[in-house]
Structure formats: structure tokens, C-alpha cells
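Novice: Would you mind keeping the following structure in view while I ask a few things?
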Amino acid sequence: MNKKLSLTALAASLLAACGGGSGSSNSGTPVSTLTLSGTAAVGAPIVGGTVNTKCAAGPAVLPVSTGTDGSWTLTATGQTLPCAVQVSGGTINGAANTGQYESIATGAGHINLTPVTDLVVANLIASDFNTLNGASLAGISAANIAAAIDRVRTALGLTTLNTINPLTDTFTPTSGNRMDDTLSALRTAMAVAGVTQDDLVNAARTALGSAFDAPPGLTAA
């Protein structure tokens, strides 16, 4: 059984879960206007990143950029949900961001792009964003996503995730924010254990739709 990630140093700052919701669901039905917005962060905001979107059906969605706080907003027309969203490029604390982080939206509203949402998608869909197609997206439901979130929570052992919806809860990527501190704790543990995001994604994707274990050393870090 996985041990819990040590969060003692962060405990004082993790005071309350963020609010937020998944937005209204329009899965399987084209929506005249779809607005999605969120935060792209890894424990620090992804600044100037490119956010790309693929939906179950509909016209191509133009990419948008993340702001200095990692925030982004896009508006599209004629899309059929669910939609996959990915952030790439930009900078993190002034250094080039070499990672790509994905998420899934089943309704309009807030959707985050973080290492945790990336794991949820990996455990949910066999293909990555570049090879993802409408048929794969059409089979995703809110219940599928909720189950994948629970599997990621268990695998990482981060107890703070028990009261957070990592996909839809709004947050500000600053120290003292519960979601941001959770991402920071994960990032630190990965560095200590020598575990990469690709390692985590591979573990989650290999166990597609099933429970999985984090790479050795991560949950004890």
C-alpha cells in the first residue's frame, strides 16, 4: 500500500479547499457558444503557454495563450463536448516549459491544466492529445472522469486532493493556495524521488481505466 506523501511542511498553509464546479454539461450535443477558462500551473504558473483544444465534433478551435498568472480563456462555436485541452510551451519561473499537460471538459466553465489533470486524462484515454480523435472523446462521461480522479488521488497519496476537484476547482497559483501547494508538494516529491511526469503518465496510461501505483519512491518522498 502506498504511504502518504509528506506534507507536514505545508500543513499550516493548507486551510481550505477551493470552490468551483464543472459547469453545465452539454456532452454529445453541439453548443452554439462554448466558453472554457482555467489555470495552467505546476506549482508555479505556466506563462505564455499555448492552449489547444479538441472536441468530440465541430470546427477547429483556435489556440489561446496563458497569462502571467497561468489563466486562459477561449470561446468557440458549434462544438460537441467533451473537449480535450492541452497546454504546451511558455515558461515556468522564467525557464522554458518542456512539458505538455492535458485535461478534459464535459461542460462549459472552468478547467485546469496541471500535472494532476494530465494523469487523470492518461488513465482515462489510451491515446495522447496528438492522436486523440472524436470517437475517443465521445465515449467519456463525467462518471468516467470522477472515477479516474479517485484513482489518481489513491496513486499519489496526496490527502489534500481528497477535498479538491483538480480539474474544475478554481485556484490561484500562489503559495498558500491549497491546490497550488498540493502541486508544489508533488513537484518537490518528484524531484526528490527522481520521477518525471512521463513516468507518472506511463503508469497511469498502462493501467488504463484501472487502479495504478505511482513509481517507486514517489509516495515516500
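Novice: In Å and from the alpha-carbon atoms only, list the Rg and Dmax of the chain.
Specialist: Computed over the Cα atoms of the chain, radius of gyration and Dmax are 16.2, 48 Å.
Novice: I've got another one for you. Roughly how big is segment 62-187's charge dipole about its Cα centre, with Cβ charges of +1 (Lys, Arg) and -1 (Asp, Glu), in debye to the nearest 20? Show your work: numbers first, answer last.
Specialist: On the way: 4 positive and 8 negative charges, 24 e Å.
In total the dipole reaches around 120 debye.
Novice: Something else: Report, in debye and to the nearest 20, how large the dipole of the chain comes out about its Cα centre when Lys and Arg carry +1 and Asp and Glu carry -1 on their Cβ. Spell out each step's value before the answer.
Specialist: Working: 8 positive and 11 negative charges, 43 e Å.
The dipole magnitude comes to about 200 debye.
Novice: Right, something else. For residue 161, what accessible surface area do you get with a 1.4 Å probe? Give it in Å², rounded to 10.
Specialist: 0 Å²
Novice: Then there's this: Tell me what the chain gives for mean residue ellipticity at 222 nm when only DSSP H runs of n ≥ 4 count, each as -39,500 (n - 2.57), the sum divided by the residue total, rounded to 500 deg cm²/dmol. Let's see the in-between values first.
Specialist: Numbers: 5 runs with 56 residues, N = 221.
Helices in the chain give a 222 nm mean residue ellipticity of -7500 deg cm²/dmol.
Novice: Using only Cα atoms, locate the centre of segment 115-171 and the centre of segment 179-221, then give the distance between them in Å, rounded to an integer.
Specialist: 14 Å
Novice: Please report the accessible area of residue 213 (heavy atoms, 1.4 Å probe, ligands and nucleic acids excluded) in Å², nearest 10.
Specialist: That residue has around 110 Å² of solvent-accessible surface.
Novice: Rounded to the nearest 10 Å², what accessible area does residue 192 show when all protein chains are kept and the probe is 1.4 Å?
Specialist: Result for residue 192: roughly 110 Å² accessible.
Novice: For 156, 208, give the ranking by accessible area with the largest first, probe 1.4 Å. Please list the in-between numbers first.
Specialist: Details: 156 0, 208 80 Å².
Order by accessible area, largest first: 208, 156.
Novice: What do you reckon, how do 151, 187 stack up by accessible area (1.4 Å probe), largest on top?
Specialist: Values: 151 45, 187 105 Å².
Listed by decreasing accessible area, they come as 187, 151.
Novice: Taking 1 over the mean of 1/r across every pair of different Cα atoms in segment 107-149, what Kirkwood radius in Å do you get? Before the final figure, lay out the partial values.
Specialist: Values: mean 1/r = 0.0897 Å⁻¹.
Taking the inverse mean of 1/r over all distinct Cα pairs, segment 107-149 comes out at 11.1 Å.
Novice: Where in the chain are the helices, taken as whole DSSP H runs, whose Cα atoms extend 27 angstrom or more along the long axis and whose Kyte-Doolittle mean reaches at least 1.0?
Specialist: none
The values are calculated or read from the model by the stated rules, or taken from the named source; none is laboratory data. A quick note: this is a predicted structure, and the numbers were derived from the prediction, not measured. Reconstructed Cβ throughout: ideal geometry from the backbone, glycine too, with neighbour counts over all protein chains shown. Side chains are part of the model used for accessible areas, which takes the heavy atoms of the whole protein and leaves out ligands, DNA and RNA. Shrake-Rupley method; radii C 1.70, N 1.55, O 1.52, S 1.80 Å.
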